[in-house]
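Encoded as structure tokens, the structure appears first; notes follow it.
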Amino acid sequence: MTVATAVIWRPARLAMLAVTLAVPACAAGPVGLAGRPATLVADAPPSFSPLVKKVLPAVVNIAVTETVSSNETIVDLPPELKGTPFERQFRDRFKNRREQMQGAGSGFIIDPSGVIVTNNHVVDHADKIVVSLSDGTELPAKVLGIDDLTDIAVIKVSPGHPLPFVTWGDSSQLEVGDWIMAAGNPFSLGGSITAGIVSARGRDIGAGPFDDFLQLDAPINPGNSGGPTFNMSGQVVGVNTAIVSPTGGSVGIGFAIPSALASRIVAELRAKGHMDRGWLGVSVQDGEAAEHEGPGVVIAAVDRTGPAARAGLRAGDVVLAVNGEKTDSSRSLIRAVAAVPPGGSVRLSVRRNGRDLDLSVTVGRRPAESEG
């Protein structure tokens, strides 16, 4: 595969501030339906305008900065600006500057007091976060909580008056082919809307152990990270997070964290500022990928001081179910255990040397960068 044809996974954010970079995003709404069955044309929304007016005031732009010392190297030119008329403007803007623009992204208000949801990679390591509201007001923000495993962050502004906000919808009700609308801050241009359909569900793109993305064909570009995806009722059903692209721009393959996952993470971050997840202390692999034949998850190794070892789980055991629910992949096992609060217990149905047995495990607290 050559560089020209390689497909690259990119977070849907802008590495630097693109001042006036105009990259048109084509709406995939009712346009282009000629020749399709009349029922599809009838189901297509005549206009997204009423929905836009309803939800766009709750969508915000987010700029983050990091202070650097004068002897540090100023950041490289973003690839999106290379060879454009804005390359010189960018270099002049950041020449001999101590305050370095690190990123620009999006977010959405879920509480009138100023609580905002975005991506962790938008605000991670930021020294300063500035939120721009739809009316142009700029407010400093603080981080309430982050979860790097799902790339979700919750931040807060203090507006002095109630702000417009949006509510969560149920992403589990979405079907492939359903209309959706994405909003955000592509290339730092400000509030923008694109439309399309759900292309696929349950995508694993290798971002982490909890990948369960919605795949969208609505154009999503750098700067859209953290912005919302809406259903046709104006409810948030996804948090825009990543794109697949050979160029850095949209090619119609974008990914959003489904609201069924994001809403639970956000609630816990608001309450505690961090996530507590259950942990077994094992390395795992899918049964079909190992010598074991049939469904199940093979325990490849056991941490000698971990919860699984204390419960008697051994390397070579095959986990068939967690609390009676069939487990046919390592990802499903990790998720099932992670959903249990540390200190809680799970019942594992295990096959060992051809014999089936049940083990009760008191799960521990998941450390950073652990597997299972």
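The values are calculated or read from the model by the stated rules, or taken from the named source; none is laboratory data. Keep in mind it's a predicted model, so treat the numbers as computed, not measured. All Cβ positions, glycine included, derive from the backbone under ideal geometry; neighbour counts span all protein chains shown.
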(message) Against the conditions (1) more than 18 Å from the chain's Cα centre (by Cα); (2) at pLDDT 85 or above; (3) in a helix (DSSP H, G or I), where does Arg304 fall short? Just the number, please.
(response) (3)
(request) State whether the residues of segment 127-137 include one that is surrounded by fewer than 20 Cβ atoms within 10 Å (Cβ to Cβ) and within 19 Å of Glu268 (Cα to Cα). (result) no
(request) Would you check if Ala262 is under 17 Å from the mean Cα position of the chain (by Cα) and not β-branched (Val, Ile, Thr)? (result) yes
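Each row is one residue, and each column tells you yes or no for (1) out of contact with any Cys (no Cβ under 9 Å at 6 or more places or on another chain); (2) farther than 20 Å from Ile243 by Cα; (3) at pLDDT 90 or above.
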| residue | (1), (2), (3) |
| --- | --- |
| Gln89 | yes, yes, no |
| Gln100 | yes, yes, no |
| Val130 | yes, yes, yes |
| Asp148 | yes, no, no |
| Pro164 | yes, yes, yes |
| Ala182 | yes, no, yes |
| Pro186 | yes, no, no |
| Ala195 | yes, no, yes |
(request) Answer yes if at least one residue in segment 317-330 is farther than 12 Å from Val297 by Cβ and over 33 Å from the mean Cα position of the chain (by Cα), and no otherwise. (result) no
(request) Among the residues of segment 195-214, write down those that are not charged (D, E, K, R) and not in a loop (DSSP other than H, G, I, E, B). (result) Ala195, Gly196, Ile197, Val198, Ser199, Ala200, Gly202, Phe213, Leu214
(message) Of everything in segment 335-366, what is over 23 Å from the mean Cα position of the chain (by Cα), surrounded by 11 or more Cβ atoms within 10 Å (Cβ to Cβ) and part of a loop (DSSP other than H, G, I, E, B)? Give them in sequence order.
(response) Pro342, Gly343, Gly344, Val363
(request) Would you check if Leu216 is in the same structural domain as Gly190 (by TED's automatic domain parsing), touching a residue at least 24 places away in the same chain (Cβ under 8 Å) and buried (at least 24 other Cβ atoms within 10 Å of the Cβ)? (result) yes
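For Ala195, indicate whether it is under 16 Å from Ile62 (Cα atoms), buried (at least 21 other Cβ atoms within 10 Å of the Cβ), in the same structural domain as Thr65 (by TED's automatic domain parsing) and among the small types (Gly, Ala, Ser).
Values: under 16 Å from Ile62 (Cα atoms): no; buried (at least 21 other Cβ atoms within 10 Å of the Cβ): yes; in the same structural domain as Thr65 (by TED's automatic domain parsing): yes; among the small types (Gly, Ala, Ser): yes.
So Ala195 does not fit the description; no.
Residue-wise test of (1) in a helix (DSSP H, G or I); (2) not assigned by TED's automatic domain parsing to the domain that holds Thr118.
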| position | (1), (2) |
| --- | --- |
| Ile243 | no, no |
| Ser250 | no, no |
| Ala260 | yes, no |
| Ser263 | yes, no |
| Pro295 | no, yes |
| Ala308 | yes, yes |
| Ala315 | no, yes |
| Val319 | no, yes |
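Please specify each residue of segment 215-234 satisfying the condition of being touching a strand residue (DSSP E or B) at 6+ places or on another chain (Cβ under 6 Å) and part of a loop (DSSP other than H, G, I, E, B). Break it down stepwise before answering.
Our first condition is that a residue be touching a strand residue (DSSP E or B) at 6+ places or on another chain (Cβ under 6 Å); within segment 215-234, this holds for 215-220, 222-232.
Selection gives Asp217, Ala218, Pro219, Ile220, Pro222, Gly223, Asn224, Ser225, Gly226, Gly227, Asn231, Met232.
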